[in-house]
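To start, the structure itself, in structure tokens.
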Amino acid sequence: MLTIGAFARACRLSPKALRLYDELDLLRPARVDPDTGYRYYAPAQLEQARLVAWLRRIGMPLARVREVCALTPDAAAGEIRAYWDQVEAETAQRRDLAAFLVDHLTTADRQEADPVLELRYAAHSDPGRVRRHNQDTAYAGTRLLAVADGFGPGGTPMSRAAVEALKSLETREVPAGDVLNLLQETVEAATEAVGHDSGTTLTALLWTGSRLTLVHIGDSRAYLLRDGALFRITHDHTLVQSLIDEGRLTPEEATSHPRRTLLLRALGTTPPDLRLQDAATGDRYLLCSDGLSTVLPDARIRTALTAADSPETAVHTLVDAANEAGGPDNVSCVVADVVGARKV
């Protein structure tokens, strides 16, 4: 038998931690002296103690450590892998938010000297050729461009609620950091009203006069047409995109994958991506639901955006093209041109 001190040194856990794990029924000593209360451990317990120590070092909560320790090795490995995937996703979200805040704070003074720009915009939404109801919401205004794609029985009110929450920004200034709070409050209220079996994607651009704040979650998309080249400025939060990122699937294979519509993130499940986007005169932005991007290749989208003489023409051309390609889903588009304006 090993004393608590010797056992602690062998497994790299402190005596204080061992006493806590005893109280939590996570790692009981093999024997407790009835007179002194001193704890003794068996050498065979070292493997479990070391596992607990390793799991704590990667930050796993004690409740989950207890669950992992009760599993078979294969099942425990799967649970650890799932936990770390979650940690990496949450870390990436915090990293992106931190980058946004740094960018926002360090460029606040510069924005005063930037040329004032304006948006010319149009929005169009269509149920498509197959769906009976349109669960998309598309909106374009002087300061806000947004597309939301609802799903589930309450998908329509969810997508509308997400866009309505941001529409308040058309008439009042909201600090950048408060955008996420505003979205969170709206999602909670909408979820309570329509049930937890519904949700929505959201892709939006909030105009600040010379820069755009991009808010994005799900598989709706935002594109930028600049100097004749088309750039996708959002990243799909889908199973197939994660497989592409891991090198397990090619973009061509993803188009026919049986679970290509499976979302990994939607509004309300995790915070949306948030970042600043520089704008320049001559830029043309497209926001669209997956009813467009899944049926039209980027080359076809670029051609339509390049040829259209106005945002109004562009949105109708793109929606018509999606319907001509079968229109299997609701399709929504918002197109906006960045034009120069003089400060008064």
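Counting only residues that are in a loop (DSSP other than H, G, I, E, B) and over 24 Å from ARG284 (Cα atoms), which one in segment 162-215 is modelled with the highest pLDDT?
SER198
Having 2 or more residues that are closer than 30 Å to ASN181 by Cα is the bar; report the helices (runs of 4 or more DSSP H) wholly within segment 1-101 that clear it.
62-69
Residue pairs, Cβ under 8 Å, 6 or more apart or interchain, first in segment 28-41 and more than 10 Å from ILE4 (Cα to Cα) and modelled with pLDDT under 90, second surrounded by fewer than 14 Cβ atoms within 10 Å (Cβ to Cβ) and among the small types (Gly, Ala, Ser). List them.
Filtered contacts from segment 28-41: no entries.
Of all residues in segment 45-84, which are loosely packed, with under 12 Cβ neighbours inside 10 Å, farther than 21 Å from LEU20 by Cβ and of a type in the set (Gly, Ala, Ser)?
ALA82
Keeping to segment 282-301, report how many residues are under 13 Å from ALA138 (Cβ atoms) and polar (S, T, N, Q).
1
Could you name every one of the helices (runs of 4 or more DSSP H) located completely within segment 272-344 that has at least 2 residues being closer than 15 Å to LEU224 by Cα?
Fully inside segment 272-344 and qualifying: 298-307, 311-324.
Among the residues of segment 233-255, are any farther than 13 Å from ALA222 by Cα, part of a strand (DSSP E or B) and of a type in the set (S, T, N, Q)?
There is at least one residue in segment 233-255 that is farther than 13 Å from ALA222 by Cα, part of a strand (DSSP E or B) and of a type in the set (S, T, N, Q).
The values are calculated or read from the model by the stated rules, or taken from the named source; none is laboratory data. Since the model is a prediction, treat every value here as computed from it, not as a measurement. So basically every Cβ, Gly included, is an ideal-geometry build from the backbone, and we count neighbours across all protein chains shown.
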